[in-house]
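Taken together, the values in this text are just the output of simple stated rules run on the coordinates, not laboratory data. The shown structure was predicted, so the numbers you read here are calculated from the model rather than taken from an experiment. Neighbour counts are summed over all protein chains in view; Cβ atoms, including those assigned to glycine, are modelled from backbone coordinates with ideal geometry.
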Amino acid sequence: MARTRFVGDAGLTARMTTVMFLLGAVFVALIVVLMLIFPARYAPFIAVIGLGIAWWQWYSSDSIAMKAMRAREVTPQQAPELHAMIDRLCALADMPKPRVGVADTDLPNAFATGRSPKRSVVVVTTGILHRLDAEELEGVLAHELSHVAHRDVLVMTVASSAGIIAGMLARGSQYGAIFGGGRDRRGNNNGLPVWLVVLVVSLVVYAVSFLLLRLLSRYRELSADRAGAQLTMKPQALASALQKITGEINRIPQRDLRAAQSMNAFFIAPAIGGVSLRTLTSTHPSLEQRLEQLARIEAELGRPNV
Amino acid sequence: MGFWDVVTGRSKPKQAKLDALFAVPGAAVTLQAALGLVPTGDGAVCYRAAAGAGFAGTQQEILDLLKASDGAPRVTTSQDSFGFTWLEVDHDPIDPANPDLTGLCTDLHAVNTTLELHGYGPGLLCSLIPFTGADGRKVGLVYLYKQGTFYPFAPTGDDQRDNLLEISVRDAAAGELPLEKDLSRWLALWGAPGL
């Protein structure tokens, strides 16, 4: 029996599924509250508009992101190396080849977007092309291709629809406060104006779904890291690319420990404990978390045969 | 990927399909009859070497296994500029009057199964079996492990390929081999060993 070296992460899957379930619950709760507050014929109308906006964001995600980053699509003739690298990765992963774009900015970055694996685009900046060597660039491309394979644009758009609707309502209820304050007093026995209830509910929904979305985003990043490293079979390459581009490289000291004896106390990496505002609202996991996961994958890939 | 894999963000590494390689000896006879292409007797497997001791041990096991077989081929490994490893199996030149590729295919299959046995099957990219024509033209039969299909690759110089020859190889071998229908998957392998 052939063994597998590509172990899943059950804990990550369980956490991600919980978050998605909670996001779904938030969405349902929002719709239920809307139906209680508004006459039944308005609530579906609002939901449909919100979903329409989410759908449009997803449908045109590739062209919007390309324009926002001022990226241009490149042909195999213009960027043969980049295309050949993606060709091989796609053959290895058995997925359709996405379009390839380059953005002329010195910021080292890469992203993948598009509504489906067949209609997606992977964009790298010139900054990342200059900074990374071939192996590291391949690691980054494998990470982006994993986003495409996991349909992360679709998942994140669906997940954000509750937040979009809540944002619309919050905006709308502000107009309601200005223009409709006197008329909309039907159906509330305790005397609170409808627009205030709507405003509070939508703000709460927006805040909760914002935090959940960021959490989900961090889990999707970890999943893409995992799939990318397993595709290239070189977790180390992605790790060194991440260290180069996240700009946090100085956190890991390069100096020899013995040479720094007298300074020892200052070299202990700060223990990051608890939950800070930064860890709650960032879209990407911390470098430490990502490197830790890559180290685990490397250990599994390199375990000697018995 | 199924719905659940998408939701949980888990893409399972694609396993390689190995069995189609044994159709090559039959196709070689057809190619010789139809187009005068004779196999050179060499072959190569292209795969991604994983980091760590496990893979080094596996690769050594493959080399030992191939060297122990009768009529042992010369086996060399080399790294290409894309970070993939080519394991070249070098048999004596094939007698055009009596071409038999079974030994070569058995060797290539041994490489694949050993890699798969130790869990490195998803790292297999392609296999290459080169042919030459009497007029000196070279064409390689490339096997894509993940699709389980073959396609021809005929380089004629730096970054130039002989598409007409490739198409005629495809048409000649169509009855014998599963051939890649999507032409965009016929990726070039510039500088591949044996071509």
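Would you confirm whether any residue within the stretch A:79-86 is charged (D, E, K, R) and away from chain B (no Cβ under 14 Å)? No, the stretch A:79-86 contains no residue that is charged (D, E, K, R) and away from chain B (no Cβ under 14 Å).
What are the residue pairs meeting all of these: first residue in the stretch B:141-154, first residue touching a residue at least 24 places away in the same chain (Cβ under 8 Å) and farther than 23 Å from B:Gln32 by Cα, second residue buried (at least 22 other Cβ atoms within 10 Å of the Cβ) and of a type in the set (Ser, Thr, Tyr), Cβ atoms under 6 Å, and 6 or more apart or on different chains? Taking only residues 6 or more apart or on different chains, not a single pair turns up.
Of all helices (runs of 4 or more DSSP H) completely enclosed by the stretch A:121-181, which ones contain at least 1 residues that are touching a helix residue (DSSP H, G or I) at 6+ places or on another chain (Cβ under 9 Å) and within 14 Å of chain B (Cβ to nearest Cβ)? Spell out the reasoning first.
Values: elements: A:126-131, A:134-149, A:152-159, A:161-179.
Per the criteria, A:134-149, A:152-159.
Of all residues in the stretch A:77-106, those satisfying the criterion of being closer than 26 Å to B:Ala49 by Cα and more than 22 Å from the chain's Cα centre (by Cα) are A:Ala79, A:Pro80, A:Glu81, A:Leu82, A:His83, A:Ala84, A:Met85, A:Asp87, A:Arg88, A:Ala91, A:Leu92, A:Asp94. In this structure, is B:Gly136 surrounded by fewer than 18 Cβ atoms within 10 Å (Cβ to Cβ), away from every other protein chain (no Cβ under 13 Å), in a loop (DSSP other than H, G, I, E, B) and touching a helix residue (DSSP H, G or I) at 6+ places or on another chain (Cβ under 9 Å)? So B:Gly136 does not fit the description; no.
Which of the residues spanning the stretch A:211-249 are surrounded by fewer than 24 Cβ atoms within 10 Å (Cβ to Cβ), β-branched (Val, Ile, Thr) and assigned to a helix (DSSP H, G or I)? Once the filter is applied, which keeps residues that are surrounded by fewer than 24 Cβ atoms within 10 Å (Cβ to Cβ), β-branched (Val, Ile, Thr) and assigned to a helix (DSSP H, G or I), the stretch A:211-249 yields A:Ile245, A:Ile249. Return the only residue of B:Asp70, B:Asp92, B:Asp80 being within 19 Å of B:Ile129 (Cα to Cα) and more than 14 Å from every other protein chain (Cβ to nearest Cβ). That would be B:Asp92, the only listed residue that is within 19 Å of B:Ile129 (Cα to Cα) and more than 14 Å from every other protein chain (Cβ to nearest Cβ). Could you tell me whether A:Met16 is within 14 Å of another protein chain (Cβ to nearest Cβ), touching a residue at least 12 places away in the same chain (Cβ under 8 Å) and either farther than 30 Å from B:Thr114 by Cβ or in contact with a Leu (Cβ under 7 Å, 6 or more places away or on another chain) (or both)? Yes, satisfied.
Contact map, the stretch A:215-243: residues that are facing chain B (nearest Cβ under 10 Å) and among the aromatic types (Phe, Trp, Tyr) paired with residues that are surrounded by fewer than 22 Cβ atoms within 10 Å (Cβ to Cβ) and assigned to a helix (DSSP H, G or I), Cβ distance under 9 Å, separation 6+ or inter-chain. Pairs shown: A:Tyr219/A:Leu12; A:Tyr219/A:Thr13; A:Tyr219/A:Arg15; A:Tyr219/A:Val19. For the stretch A:67-85, the criterion of being free of Cβ contacts under 8 Å to residues at least 60 places away in the same chain and closer than 20 Å to B:Ser11 by Cβ is met by at least one residue. The C-beta contact set for the stretch B:4-22 (first residue facing chain A (nearest Cβ under 10 Å), second residue surrounded by fewer than 16 Cβ atoms within 10 Å (Cβ to Cβ) and acidic (Asp, Glu), distance under 9 angstrom, 6+ apart or interchain) comprises B:Ser11/B:Asp5; B:Lys12/B:Asp5. Considered as a group, the residues in the stretch B:47-66 that are in contact with a strand residue (DSSP E or B) (Cβ under 6 Å, 6 or more places away or on another chain) and in contact (Cβ under 8 Å) with a residue 60 or more places away in the chain include one that is nearest to the other protein chains (Cβ to nearest Cβ), and that residue is B:Ala49. If you filter the stretch B:154-195 down to residues that are surrounded by fewer than 18 Cβ atoms within 10 Å (Cβ to Cβ) and aliphatic (A, V, I, L, M), you find that the one that is nearest to A:Ala84 (Cα to Cα) is B:Ala188.
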